[in-house]
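What follows is a single structure, written as structure tokens, with notes after it.
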Amino acid sequence: MITAILAPLALILGLLILSIRILPEYERGVIFFLGRFQEVKGPGLIIVIPGIQQMVRVDLRVITLDVPSQDVISQDNVTVRVNAVLYFRVVDPEKAIIQVEDFNNATSQLAQTTLRSVLGKHDLDEMLSERDKLNDDIQSILDKQTDSWGIKVANVEIKHVDLNESMIRAIARQAEAERERRAKVIHAQGELQAAVKLTEAADIMAGNPQALQLRYLQTMSDMSNDSNASTIVFPFPFDLLGAFLGSDRANPGGPSGGTTSRPAKNLDEAAETTVAADEGPAADNALPRRPKGEKGDK
């Protein structure tokens, strides 16, 4: 009698123990009753009748999916290898279980094909400099296509863009040429600004000539303080030579005026020219002699 009573109680207790399920806060249970979807339960303590009900656990946390490296041909016909990382989570457990067989594998394959198709529409420079824009484009496309699976794509990040050695050298040469161009432009702008400032300084000094003399003295003072200076070059104003140049031009009949010299053809001609130059002025300046027999001769 006691055995007949304890046997059903033990069976009921065993079924109750097997029916108890505990789901953490980040999980949900999709319940099927005789193969048909019934409801989504959790979190906490739930009861699932063995043999009649089935439960599929679904993790609601953000899943990090590493997208394998993909060979991509850019719009300017450059072959690169690109890999990325995908962040997504399940927002609707019912769709994630019913609408797709394996949402993790489906999302990974979709991310690979989307990565190749999106990057193939852009140039290499855009891949390297506009990653944020490309990430947003890939994320929006994946989010739209996985919405029917109950999946929300939170973010997509392109990790690496691998180039071959020849392309790396070409990019390095391009960067070096760009740096040289900027240096030349900056140098030219500096020369232009210096020329403008020098012109303004010259205009100011032109109104006060003493300022130029003060600059000469300051320059000599700076050069004298330099211990390595062995030679001093002092600019001499040409205005001070005006008096000397004017005196020579005002006396054209002087020792050098009124005569035009030509080079001697040989040594004999040069000697005769030298003797004539020495004796000529003395003969011209000699006083005339008085004839004999004139008054006053002794």
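The values are calculated or read from the model by the stated rules, or taken from the named source; none is laboratory data. Keep in mind the model is a prediction, meaning the values are calculated, not measured. Backbone-built Cβ (ideal geometry, glycine too); neighbour counts: all protein chains shown. The protein model used for the area step is the full one, side chains on, heavy atoms only, and it has no ligands, DNA or RNA in it. Shrake-Rupley method; radii C 1.70, N 1.55, O 1.52, S 1.80 Å.
Tabulated data
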{"read-out": "Per-selection Rg to Rh, the range 8-47 - Cα, Kirkwood hydrodynamic radius", "value": "1.08"}
{"read-out": "Listed peptides 2-8, 167-173, 190-196 by packing density, highest first (mean Cβ within 10 Å)", "value": "167-173, 190-196, 2-8"}
{"read-out": "Net length gained if the chain between I2 and S224 were fully extended (0.36 nm per residue, minus Cα distance)", "value": "67.4 nm"}
{"read-out": "Inter-label distance for L65 and H160, nm, one decimal - labels placed 7 Å from Cα along Cα-to-Cβ", "value": "2.1"}
{"read-out": "Vicinal HN-Hα couplings computed from phi for the range 20-25 (Karplus, 6.51 cos²θ - 1.76 cosθ + 1.60; Hz; Gly/Pro x)", "value": "7, 10, 10, 10, x, 4"}
{"read-out": "Percent of alpha-carbon pairs separated by more than 15 Å within the range 40-80", "value": "68"}
{"read-out": "Translational diffusion coefficient (Stokes-Einstein; Kirkwood radius from C-alpha pairs) of the range 70-164 at 4 °C, 1.567 mPa s, in µm²/s", "value": "94"}
{"read-out": "Taking only Cα atoms of the range 1-133, radius of gyration then Dmax in Å", "value": "24.0, 89"}
{"read-out": "Solvent exposure ordering (accessible area, 1.4 Å, most first) of Y26, Y216", "value": "Y26, Y216"}
